[in-house]
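Chemist: Just passing along the structure, written as structure tokens.
The values are calculated or read from the model by the stated rules, or taken from the named source; none is laboratory data. Here the structure is a predicted model, which means the values were calculated and not measured. No Cβ is skipped: glycine too gets one built from the backbone with ideal geometry, and neighbour counts run over all protein chains shown.
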Amino acid sequence: MTGDIATIGYGLAALGPAIGLGIMVAKTQEATARQPEVAGALRTNMFISLAAIEALGLIGFAAGFVF
């Protein structure tokens with residue numbers, strides 16, 4: 001068996017942000033359907049949260065190179 005255990009670790013680390021993004025988008029769509037008048041505020045909060053969740057994935061990716 002060749003390779004590095006870091007590739008498996010990054011694959012597992014990518015699952016967290018992927019699940020988080022899916023749940024976040026689903027809940028934002030649900031909230032927009034319930035109250036269309038707050039769609040702008042929900043969209044803004046969604047994009048801020050998206051940046052934070054994606055940052056976690058990128059930190060996990062960079063950690064594989066550092067350690």
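Chemist: Hey, could you check region 10-67 for residues that are of a type in the set (Ser, Thr, Tyr) and surrounded by 15 or more Cβ atoms within 10 Å (Cβ to Cβ) and say which is nearest to the chain's Cα centre (by Cα)?
Modeler: This residue is SER49.
To keep it simple, each residue is scored yes or no on (1) at pLDDT below 95; (2) assigned to a loop (DSSP other than H, G, I, E, B); (3) farther than 25 Å from ALA62 by Cβ.
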site: GLY3; (1), (2), (3): yes, yes, no
site: TYR10; (1), (2), (3): yes, no, no
site: ALA13; (1), (2), (3): yes, no, no
site: PRO17; (1), (2), (3): yes, no, no
site: MET24; (1), (2), (3): yes, no, no
site: ARG43; (1), (2), (3): yes, no, yes
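Chemist: Quick one: which of ILE53, ILE48 is modelled with pLDDT of 90 or more, in a helix (DSSP H, G or I), among the β-branched types (Val, Ile, Thr) and out of contact with any His (no Cβ under 9 Å at 6 or more places or on another chain)? Full working, then the answer.
Modeler: Working: ILE53 fails: modelled with pLDDT of 90 or more.
Exactly one residue qualifies, and that residue is ILE48.
Chemist: In region 23-60, how many are of a type in the set (D, E, K, R) and in contact (Cβ under 8 Å) with a residue 12 or more places away in the chain?
Modeler: Filtering region 23-60 for residues of a type in the set (D, E, K, R) gives 27, 30, 34, 37, 43, 54.
From the residues that got through so far, the ones that are in contact (Cβ under 8 Å) with a residue 12 or more places away in the chain too are 43, 54.
Looking only at that region, the number is 2.
Chemist: At pLDDT 90 or above and aliphatic (A, V, I, L, M): is that true of ALA39 in this structure?
Modeler: Yes, satisfied.
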